1. With closer than 24 Å to GLY49 by Cα, at pLDDT 90 or above and not β-branched (Val, Ile, Thr) as the only criterion, which of PRO109, PRO117, PRO89, PRO101 stands out?
2. Among the listed residues LEU56, LEU77, LEU36, which satisfies the condition of being among the aliphatic types (A, V, I, L, M) and modelled with pLDDT under 95?
3. Looking at the structure I just gave you, is GLU65 within 17 Å of THR115 (Cβ to Cβ) and of a type in the set (Asp, Glu)?
4. Can you name every one of the helices (runs of 4 or more DSSP H) wholly within the range 1-103 that holds 1 or more residues which are assigned by TED's automatic domain parsing to the domain that holds LEU127 and in contact with a Gly (Cβ under 9 Å, 6 or more places away or on another chain)?
5. Here is a list of conditions, (1) surrounded by 15 or more Cβ atoms within 10 Å (Cβ to Cβ); (2) closer than 21 Å to ARG112 by Cβ, and SER78 meets all of them except one; can you say which number that is?
6. Hey, can you tell me all the residues within the range 96-125 that are among the aliphatic types (A, V, I, L, M), out of contact with any helix residue (DSSP H, G or I) (no Cβ under 6 Å at 6 or more places or on another chain) and either over 15 Å from ASP76 (Cβ atoms) or surrounded by fewer than 10 Cβ atoms within 10 Å (Cβ to Cβ) (or both)?
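The values are calculated or read from the model by the stated rules, or taken from the named source; none is laboratory data. Computed from a predicted structure; not experimentally measured. When we count neighbours, we look across all protein chains shown, and the Cβ atoms used for this are built from the backbone with ideal geometry, even at glycine.
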Amino acid sequence: MGEQETIEKRKNGPNTVASLEAELYSAGLRPGMTVLLHSSLSSLGWVCGGPVAVILAFQRVLTEEGTLVMPTHSGDLSDPAQWEHPPVPQEWWETIRNTMPSYRKDRTPSSRMGTIPETFRKMDGVLRS
């Protein structure tokens with residue numbers, strides 16, 4: 001969905017940190033909780049501040065006593081013989097296996113997880129295993 005469609009879809013004005021925070025409280029989230037967030041920024045409609053605003057809303061609700069967890073899978077660091085969406089030609093497999101940079105939690109991007117987890121992964125104080 002394009003940005004114009006996203007704006008038009010949002011009938012009650014833009015999402016903000018404060019409006020998202022209110023919706024999270026309404027959904028039952030409280031300070032001190034542990035939340036595993038699987039997210040889709042586009043499903044929220046237009047958000048003032050994008051992924052940073054979404055993360056800040058969760059952090060404000062959960063407070064420092066809570067824990068926010070997001071998947072940051074690195075699927076590109078798997079066996080290319082198992083890749084399906086899209087598959088790569090078999091004649092590429094050995095080259096990929098021999099030349100793929102090794103995993104480093106500080107610089108290996110997440111694969112196909114979306115902009116919210118990728119933004120979160122890069123924030124100060126976030127731990128990644």
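1. Numbers: PRO109 fails: at pLDDT 90 or above; PRO89 fails: closer than 24 Å to GLY49 by Cα; PRO101 fails: closer than 24 Å to GLY49 by Cα.
Every option except PRO117 fails the conditions.
2. On the way: LEU56 fails: modelled with pLDDT under 95; LEU36 fails: modelled with pLDDT under 95.
Unique residue meeting the criteria: LEU77.
3. For GLU65, the condition - within 17 Å of THR115 (Cβ to Cβ) and of a type in the set (Asp, Glu) - is not met.
4. Working: elements: 3-9, 17-26, 50-62, 93-99.
Correct list: 3-9, 17-26, 50-62.
5. SER78 satisfies all of (1) surrounded by 15 or more Cβ atoms within 10 Å (Cβ to Cβ); (2) closer than 21 Å to ARG112 by Cβ except (1).
6. Here is the first cut: in the range 96-125, the residues among the aliphatic types (A, V, I, L, M) are 96, 100, 113, 116, 123.
Add one more test, that the residue is out of contact with any helix residue (DSSP H, G or I) (no Cβ under 6 Å at 6 or more places or on another chain), and what stays is 100, 113, 123.
The answer is MET123, and nothing else.
Residues are listed down the side, and each one gets a yes or a no for (1) touching a residue at least 24 places away in the same chain (Cβ under 8 Å); (2) surrounded by 13 or more Cβ atoms within 10 Å (Cβ to Cβ):
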residue	(1), (2)
GLU3	yes, no
GLY13	no, no
LEU29	yes, yes
HIS38	yes, no
SER42	yes, yes
THR67	yes, no
GLU84	no, no
GLU94	no, no
